[in-house]
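Data first, discussion second: the structure below is written as structure tokens.
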Amino acid sequence: MELYSSIRYLKGIGDKTEKMFNKLGVYSCLDMLLYFPRAFAEYPDIVNPIDITVNKVFAVKGRIVGRPVLKKTARMDIVLAKMTDGLNEFSLTFFRQGYLAKTLNTSQEFIFYGKVYAKGQFFQMDQPRVFTVEKYREMQTSMQPVYPLTTGLKNQTVVKGVEAALSEGLYPEEIIPGYIMEEYDFPPAKTAVRDMHFPISANDYLKAKSKFAYEEFLLFVLGIKYQKMSLEKTPNNFCIENTDEMETVKNNLGFELTPSQKDALFDILSDVSGKSCMQRLLQGDVGSGKTIVAFLSMIVFAQNGYKSALMAPTEVLAVQHYEAMTKLINKNKLNYEVLLLTGSVKEKDKKIIREKLKGDAPLFVIGTHALIQEKVEYSNLGLVITDEQHRFGVNQRDAFSNKGLHPHVLVMSATPIPRTLSIILYGDLDISVMEGMPAKRLPIKNAVVKEKSHPACYKKILEQLNMGHQAYVICPLAEESEDINAKDVISYCEELRNIFPKTIRIEYLHGKMKSDKKQEIMDDFSSNKIKILVSTTVIEVGIDVANATIIMIENAERFGLAQLHQLRGRVGRSDKQSYCILVNGSDKDEASERLEILNGSNDGFYIAEQDLKLRGPGEYFGYRQSGDVSFKIGDIYEDQMMLKKAARDAARIIEKDPELSLPENAAISARVLSYMKERAQSTGI
């Protein structure tokens, strides 16, 4: 068996399991080896019977009482059992585990790990995990991988798949030059890949993760450097001369642009009137006013006879931009059409839009990745803008920028990346940093509280609702997890419906929902029909509902500070006083220390810098911090020193061997060339 052999040939993987893995992008044995855990489960101490409360996850030691009952239905086997921990009685329900009717006996103690509910005068546990006492103790002293899953795929199935690939003696090719491997004392590929899945110690895992993060960063930086060389040769095909309409719109906004907005607009206009094609990053904190700068730039291009396209990472955000741009154009009575192109647009309407994009008339098109699909062709496309760049891969940005005849490119991001890291990550772009907030914005008032303060939090939310405002409640999970004790939107939404008055409409939102349902929920929230929106971080990017004045973030300790700052930015988007409540579900001092930084500052760049200083090894074993520039393994905040080393080494490699032709660079040369070839195929470069 070889690295690129189908996973179908691995022991224990049949046709049905193969299809589930394929949904996750796992097709070959190499894919399986590189499908790393998103976390490592922490198994708590066995709970004292007197400390058990409802709606929390516990490890309960107990004995089965009586004989388990096996019920067979058309859809599944259901096992019902009774258990006691010596003080409390539990009703246990197991689905699709008929064998437990025989293995759960009264002669030994078991550990039942799961969420405890109230059921009359007894406790209830549904689908708890069952361990012998010895096995549970073993789990507590070892690191248990937790993988991203899809419907029907169990964590243990992934574990067995990885074990099967490792048993074949397979491991990824070594691409890092030997002298760098020795300099950083990186483990060889065979050791590193095993330690990414099944480390004996935290230190082994961290060494393996550092090696793979470095490899990922090195390939990225080398690719960026070679891309920069090609971009510097791209001539300006769309020289801008007239800006009268933009100046009129700017003077009619009803507010004065901030100095940073004016500076950014000047940078853009200077670029697009120069000799070379613009490649610029517009980086600004949440609420700094990047969007209006982008809109004004698009109007400049329209007046000069060119089209502009703006790509957002989500349909919700694309619709929001479309509506805002349409309102701006109508207010100023400009004769330009604004189009919306997303995946949910009907095919007959897509055909009409595609025809208009091939025409000569200047217009604006706003959408999602549907803008870069093969069928979409542009004529006179002068400016392309990607909003929230960290959500797009570099390939997508390039594919977008190469629609038409090398248009100018503007990239926008609210991710508060320190400038030293921005220079590395966006090495192919010039950078404009926007600081300060638009006038009349009040600073958000923050509070860090413990879970026992929930009644006071609900009272504060109700106070805002009674004033006619709206609220966000953020949870880290979309649905309940057997491995992670944290709030999920589905069950918490129901819980809140039982707490707040029935007249208050409460709905939930998460990324796994269908696009039309997500849009329906956001439309109802935007129009004030929904008063409380319980959501995952899917609302993190750019959502602008000015009437939302309070956000409560559950299990705030599970998020990176930069992401919490992004979430907090969903409120404070008007002249109304807004509030952010961070609920700390951890007893650790480090969690409190981190959250107090957010409590004391609304400056995203300061928060990002502090987050870098505080994050320690423990952060590697919890949730991967999303919302950052996307890398599969590396995290630009946690692994900033490794990123800087990779950037330094990439420069050192190119200086010594510009063509990557030396034998020591053979493996990495093949990977970089493959990387560039993939980008060329997807972008037409």
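Points worth noting:
- Within the stretch 335-355, the residues that satisfy the criterion of being surrounded by fewer than 16 Cβ atoms within 10 Å (Cβ to Cβ) and more than 16 Å from L310 (Cα to Cα) are N335, S344, K346, E347, K348, D349, K351, I352, E355.
- L310 meets the conditions (1) under 24 Å from the mean Cα position of the chain (by Cα); (2) over 27 Å from K356 (Cβ atoms); (3) outside any loop (DSSP other than H, G, I, E, B) in every case but one. The failed one is (2).
- Taking every residue in the stretch 90-117 that is free of Cβ contacts under 8 Å to residues at least 24 places away in the same chain and pairing it with any residue that is assigned to a loop (DSSP other than H, G, I, E, B) and among the aliphatic types (A, V, I, L, M), at least 6 positions away or on another chain, the pairs with Cβ-Cβ distances below 8 Å are R96/M76.
- The criterion of at least 1 residues that are under 19 Å from L153 (Cα atoms) and touching a helix residue (DSSP H, G or I) at 6+ places or on another chain (Cβ under 7 Å) is met, among helices (runs of 4 or more DSSP H) falling completely within the stretch 6-114, by 15-23, 29-33.
- Subset of the stretch 316-344 [at pLDDT 90 or above and assigned to a loop (DSSP other than H, G, I, E, B)]: N332, K333, L334, N335, Y336, T342
- Matching entry among Q283, Q320 (being surrounded by 22 or more Cβ atoms within 10 Å (Cβ to Cβ), in contact (Cβ under 8 Å) with a residue 40 or more places away in the chain and under 31 Å from the mean Cα position of the chain (by Cα)): Q283
- Helices (runs of 4 or more DSSP H) (entirely within the stretch 182-283) containing at least 1 residues that are more than 30 Å from L296 (Cβ to Cβ): 189-197, 202-231
- Restricting the stretch 462-488 to residues that are aliphatic (A, V, I, L, M) and more than 18 Å from E557 (Cβ to Cβ), the residue that is modelled with the lowest pLDDT is A478.
- Residue satisfying all of: in the stretch 180-209; aliphatic (A, V, I, L, M) and farther than 16 Å from A39 by Cβ; surrounded by the fewest Cβ atoms within 10 Å (Cβ to Cβ) among these: I200
- Top-ranked residue of the stretch 376-405 - restricted to ones that are surrounded by fewer than 18 Cβ atoms within 10 Å (Cβ to Cβ) and at pLDDT 70 or above, ranked as nearest to the chain's Cα centre (by Cα): E377
- The single residue among V545, V571, V534 that is part of a loop (DSSP other than H, G, I, E, B) and touching a strand residue (DSSP E or B) at 6+ places or on another chain (Cβ under 6 Å) turns out to be V571.
- Test: residue in the stretch 358-370 that is surrounded by fewer than 20 Cβ atoms within 10 Å (Cβ to Cβ) and either among the hydroxyl-bearing types (S, T, Y) or within 22 Å of Q261 (Cα to Cα) (or both): no
- Selection within the stretch 336-356 - farther than 17 Å from G382 by Cα and touching a helix residue (DSSP H, G or I) at 6+ places or on another chain (Cβ under 9 Å): L340, L341, T342, G343, S344, V345, K350
The values are calculated or read from the model by the stated rules, or taken from the named source; none is laboratory data. Here the structure is a predicted model, which is why all the values come from computation and not from measurement. Here Cβ is always computed from backbone atoms with ideal geometry, including for glycine, and neighbour counts include all displayed protein chains.
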